[in-house]
Structure formats: structure tokens, C-alpha cells
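Readers should treat all values here as calculations from the given coordinates under stated rules, not as data from a laboratory. No experiment lies behind these values; they were computed from the predicted model shown. Here the Cβ positions follow ideal geometry from the backbone for every residue, glycine too, while neighbour counts run over all protein chains shown.
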Amino acid sequence: MQIKDSVAVITGGASGLGEGAAEMFLSKGGKVAIFDLNRERGEALAARHPGQAIFAAVDVASEASVQAGIAATLAAFGRIHICVNCAGIPGRIGRIVSKKGPYSLEDFSKVIQINLIGTFNVARLVAAEILKNDPQPDTQERGVIINTSSLAGIEGQMGQAAYSASKAGVIGLTLPLTRDLSQFGVRVLTVAPGLFETPMGAGTPEEVKQQLIATLEFPKRMGQPAEYASLVAFLVENSYLNGEVIRIDAGTRAPPR
Ligand SMILES: NC(=O)c1ccc[n+]([C@@H]2O[C@H](COP(=O)([O-])OP(=O)(O)OC[C@H]3O[C@@H](n4cnc5c(N)ncnc54)[C@H](O)[C@@H]3O)[C@@H](O)[C@H]2O)c1
């Protein structure tokens with residue numbers, strides 16, 4: 001699917017990987033609706049691209065909030081072709097049982113609610129709009145949905161049960177959503193990033209960062225949002241890719257801790 005003149009909803013688009021994806025779409029002549037809770041960053045990004053980008057204060061885990069964001073997108077641009085789900089939280093690191101006792105069920109539920117249920121919530125509501133598109137004359141596509149999992153969804157480390165389970169759930173959505181939507185000409189893909197330099201990891205102590213970088217194969221550095229974004233562009237533009245989980249992780253296989 002061509003990015004120029006297409007309309008993309010990008011959750012978590014105010015920061016990090018989602019912001020990188022938004023900048024990529026905008027640089028290629030696409031239109032972007034940023035769905036995020038971070039109003040300050042989201043509005044600033046949209047303001048830099050008047051007529052091409054809007055910000056909608058959306059909580060991905062809320063049906064009403066996502067519906068309002070979709071209504072604002074349709075009011076601004078008329079249609080939606082692409083959905084990139086990047087909104088997510090790391091949750092609290094902690095073993096299932098520690099000296100403080102069992103891991104909090106509330107903390108576990110919150111991560112599942114935002115990372116997994118939020119991804120499905122946005123995908124289902126945006127998909128309903130994508131299905132209203134006419135198929136593109138050249139590729140017969142109506143749209144593309146790209147979800148963001150994590151290396152942790154495949155090789156979860158010690159203390160990462162909540163985050164890993166949420167991201168494994170996102171991987172689990174890939175094939176059934178592909179099969180649900182293929183008859184309508186909608187492709188579904190999942191990206192599983194390794195270690196990326198974004199505000200999410202900004203609080204990680206330098207020493208811990210260096211330990212993580214040492215586990216990478218090549219290149220031994222954190223990935224950049226622009227590298228994630230260039231993969232998203234490739235997934236949108238290559239009409240034959242579908243139903244796949246693509247790792248982007250410098251060849252890493254995460255160690256147990
Ligand atoms: N940075 C990494 O190393 C890395 C690695 C693997 C996967 N990921 C995943 O990539 C995605 C993007 O991460 P990032 O590193 O860019 O993080 P980030 O913190 O920079 O951006 C996440 C964005 O999501 C938004 N958000 C959080 N909860 C939300 C909600 N309920 N509704 C709407 N927006 C919400 C935040 O406001 C923020 O702008 C996340 O799903 C993350 O789990 C990141």
C-alpha cells in the first residue's frame with residue numbers, strides 16, 4: 001500500500017517508536033492521527049504538520065475514547081487506511097514471588113489492559129473503518145494493521161511476566177486477525193523490537209543499559225526510532241507481507257536476566 005495520501009492512526013504516536021513512525025508517514029506524504037495520552041508532545045508534533053497531522057487525546061484501553069479519536073480522524077481526513085499500534089507501558093519489573101510477597105494482580109492487570117487489550121481495542125475499531133474503503137485499484141488492499149510486540153513477548157526475562165505476557169498476547173493476535181481480515185484485503189503484521197532508545201527506557205541506569213547492549217549481537221547499540229519506522233514503511237509498502245511477526249533486534253536472543 002502506498003503511504004502518500006494514505007491516512008494512518010498511530011497510537012503512542014507522541015513519543016518514541018510511534019513518534020518515529022509518525023514522522024516517517026509525514027515525510028512520505030501520508031496523513032497521521034496521533035492517539036496518545038501525552039497531550040503536550042502529541043499536540044506539539046501535530047502543530048509542526050498543519051493539515052497533515054492531528055492529535056487526539058485517546059486512552060487505547062477505553063472504547064469511548066478510541067471511538068472519539070476515530071471520529072476526530074474521520075472529521076479531519078475522511079478515511080483511515082493504516083493502523084500502527086505503539087501505545088504501551090513497561091509495567092513494574094518483579095518476580096512472581098519476591099521478598100515483598102506475590103506480584104500485584106493489579107499491576108499485572110494494568111499492563112495487560114493497556115498493552116494487549118488496548119491493542120485489540122484499537123485494531124477492532126479502526127478495522128471497522130478500514131473495511132469501508134474501496135480496494136486500491138493496483139493491489140486490491142483496503143488497509144494494513146501493524147501491532148508492536150517486543151522481544152520480551154518471545155524471550156521474556158526474569159521479572160517480566162506481566163510485560164512478556166501482554167506482548168506474547170499481541171503476537172497471538174497476529175494470525176487470527178490476519179485470517180479474519182484477509183477476505184477484505186486487510187493485512188496484519190506484528191513488529192517485535194529489541195532494545196530501542198526511546199523515552200520508555202530513559203530512566204534505566206547507564207550501567208544497566210551497557211549490560212543490555214553487551215547482550216546484542218551486531219550492531220552493539222540501541223536501535224533508533226527511525227529504524228523501527230523504516231521497517232513499518234516496508235511492511236506497509238510491500239503488499240505480499242502478511243500474518244508475520246518480524247523481529248528487529250540486532251540478532252539478540254535475550255538471556256534469562
Ligand atoms: N523502547 C524499546 O526498547 C521497546 C522494545 C520493545 C517493544 N517496545 C514497545 O514499543 C511501543 C512503543 O514504546 P516506546 O519505547 O516508544 O515507548 P514511549 O514511552 O516512548 O511511548 C509510548 C507512548 O504510549 C503512550 N501511552 C501509554 N499508555 C497509553 C494509553 N493507555 N493510551 C494511549 N497512549 C498511551 C505514552 O503516552 C507514550 O507516548 C510500546 O508498546 C513498547 O512496549 C519498546
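Key figures for this structure:
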read-out	value
When residues of the stretch 49-65 are limited to those that are assigned to a loop (DSSP other than H, G, I, E, B) and surrounded by 22 or more Cβ atoms within 10 Å (Cβ to Cβ), the one farthest from the ligand (Cβ to nearest atom)	Val58
Members of the stretch 227-248 found to be assigned to a loop (DSSP other than H, G, I, E, B) and in contact with a Ser or Thr (Cβ under 9 Å, 6 or more places away or on another chain), listed by number	Ser239, Asn242, Gly243, Glu244
Members of the stretch 66-88 found to be touching a helix residue (DSSP H, G or I) at 6+ places or on another chain (Cβ under 9 Å) and within 15 Å of the ligand (Cβ to nearest atom), listed by number	Val66, Gln67, Gly69, Ile70, Thr73, Cys83, Val84, Asn85, Cys86, Ala87, Gly88
Candidate set: the stretch 5-34, residues that are more than 6 Å from the ligand (Cβ to nearest atom), under 11 Å from the mean Cα position of the chain (by Cα) and not in a helix (DSSP H, G or I); chosen: the one surrounded by the fewest Cβ atoms within 10 Å (Cβ to Cβ)	Val9
Residues of the stretch 182-205 satisfying the condition of being within 18 Å of Glu237 (Cα to Cα) and surrounded by 14 or more Cβ atoms within 10 Å (Cβ to Cβ)	Phe184, Gly185, Val186, Arg187, Val188, Leu189, Thr190, Val191
Helices (runs of 4 or more DSSP H) contained in the stretch 109-226 and holding at least 3 residues of a type in the set (A, V, I, L, M), over 19 Å from Met1 (Cα atoms) and touching a residue at least 40 places away in the same chain (Cβ under 8 Å)	161-181
Boolean, Gly172 is away from the ligand (no atom under 12 Å from the Cβ) and not aliphatic (A, V, I, L, M)	yes
